[in-house]
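A.B. asks: Take a look at this one; I'll ask things after.
Just so it is clear, none of the values below were taken in a lab; they were calculated from the coordinates. Worth saying up front: this structure is predicted, and the values here are computed from it rather than measured. Glycine also receives a Cβ, built like all others from the backbone with ideal geometry; neighbour counts cover every protein chain displayed.
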Amino acid sequence: MLLTLSTLTFSPGALADAAIEAPACDMVFVADSVPAAGHEGVPVDIQPAVIFRGDCDGPSQWTLELSAGDEVIESQVIDFDFGLPTAMARMSIDELAADSDYELRVIPGDEGWAEGAAIAFSTGSGRVQGIQAPTILDIDALTFGGEDAWVEAHLEIESGADPDDVSIVYIERDGGSLAVGTGDAESLFWFGEWNGVDDLCLSITQENGLGEATVSEPVCTVPTLVTFDERDRGCRGRQGPMAGLLLLGGLFLRRRGAK
């Protein structure tokens with residue numbers, strides 16, 4: 001049986017029409033999930049999770065609907081105060097039948113600009129196993145500086161071994177974004193506030209397929225101060241911290257790519 005992921009595009013109140021002009025930002029969409037689309041041998045006690053990305057104002061509610069064939073066996077409404085550009089939601093469900101096919105449908109609410117998904121997977125007969133703690137291999141950070149400065153950090157990571165391949169890694173820190181990826185991620189980007197004085201210290205969390213968490217040892221760095229003669233270059237007309245982050249991001253990539 002071929003298992004696939006399909007996307008479903010929605011606009012407020014109706015399916016999006018090709019004639020509708022999209023806003024000048026990225027719509028909220030399902031970037032990844034555990035189980036992933038097409039995953040076979042999924043543990044029967046899995047608690048599915050979905051990763052969202054986008055920078056438009058997404059819906060404040062999403063429906064996560066799990067079905068077996070034509071029967072909907074679980075439907076949960078998730079309320080969101082989106083900390084975009086990334087968000088995460090996890091279902092709480094009863095144990096699934098072994099060796100069976102399922103589909104997880106991610107359905108956005110009526111308001112906002114968003115893209116849903118249908119994620120097909122099949123169970124095996126095993127249960128979720130434990131995972132080891134993740135590790136931060138390297139951290140590099142840039143900042144404009146100053147009190148309550150905005151900072152962008154790039155972390156190279158090594159996820160803890162997960163024999164089920166259904167884990168999620170993320171950075172969650174007050175005053176910043178949620179940086180999240182699946183357990184095979186090799187890097188994470190995080191941006192947020194920094195007091196401009198103390199070291200910036202970050203740790204990563206890895207959750208297994210049940211949502212049980214292990215946390216890495218924190219790693220600290222002093223962000224590199226970036227000064228600009230071209231502060232408005234490429235960002236003219238944009239204001240506030242997001243404009244600075246876009247420029248920081250471009251410098252970050254050029255800096256890391258320099259020979």
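A.B. asks: Can you give the FRET efficiency for Val197 and Glu172, using 1/(1 + (r/R0)^6), R0 = 30 Å, r = Cβ-Cβ distance, to the nearest 0.05? Intermediate results must be reported in sequence, preceding the final value.
C.D. replies: Working: r = 22 Å, r/R0 = 0.75.
Given R0 = 30 Å and the Cβ-Cβ separation, E is 0.85.
A.B. asks: Residue separation times 0.36 nm, minus the C-alpha to C-alpha distance between Val215 and Asp55: what's the value? Before the final figure, lay out each step's value.
C.D. replies: On the way: separation 160, 0.36 × 160 = 57.60 nm, distance 2.78 nm.
The Val215-Asp55 span can extend by a further 54.8 nm.
A.B. asks: Can you compute the charge dipole magnitude of the stretch 46-166 about its Cα centre, using +1 on each Lys and Arg Cβ and -1 on each Asp and Glu Cβ, nothing else charged? Give it in debye, rounded to the nearest 20. List each step's numbers first, then the result.
C.D. replies: Working: 4 positive and 26 negative charges, 38 e Å.
That gives a dipole near 180 debye.
A.B. asks: Can you give the net charge of the other residues whose Cβ lies under 12 Å from the Cβ of Leu200, counting K and R as +1 and D and E as -1?
C.D. replies: On the way: positive: Arg173; negative: Asp140, Glu152, Glu193, Asp198, Asp199.
So the surrounding residues net to -4.
A.B. asks: For the peptides 126-133, 175-182, 45-52, 198-205, what is the packing order when you average, over each peptide's residues, the other Cβ atoms within 10 Å and list the highest mean first?
C.D. replies: 45-52, 175-182, 198-205, 126-133
A.B. asks: Based on the Cβ-Cβ distance of Thr205 and Asp110, what FRET efficiency does E = 1/(1 + (r/R0)^6) give at R0 = 30 Å, to the nearest 0.05? The partial results should precede the final answer.
C.D. replies: On the way: r = 33 Å, r/R0 = 1.09.
Rounded to the nearest 0.05, the efficiency is 0.40.
A.B. asks: On to the next question. So, R0 is 25 Å and r is the distance between the beta-carbons of Glu71 and Glu95; what FRET efficiency does that work out to, to 0.05?
C.D. replies: Values: r = 16 Å, r/R0 = 0.64.
The calculated FRET efficiency here is 0.95.
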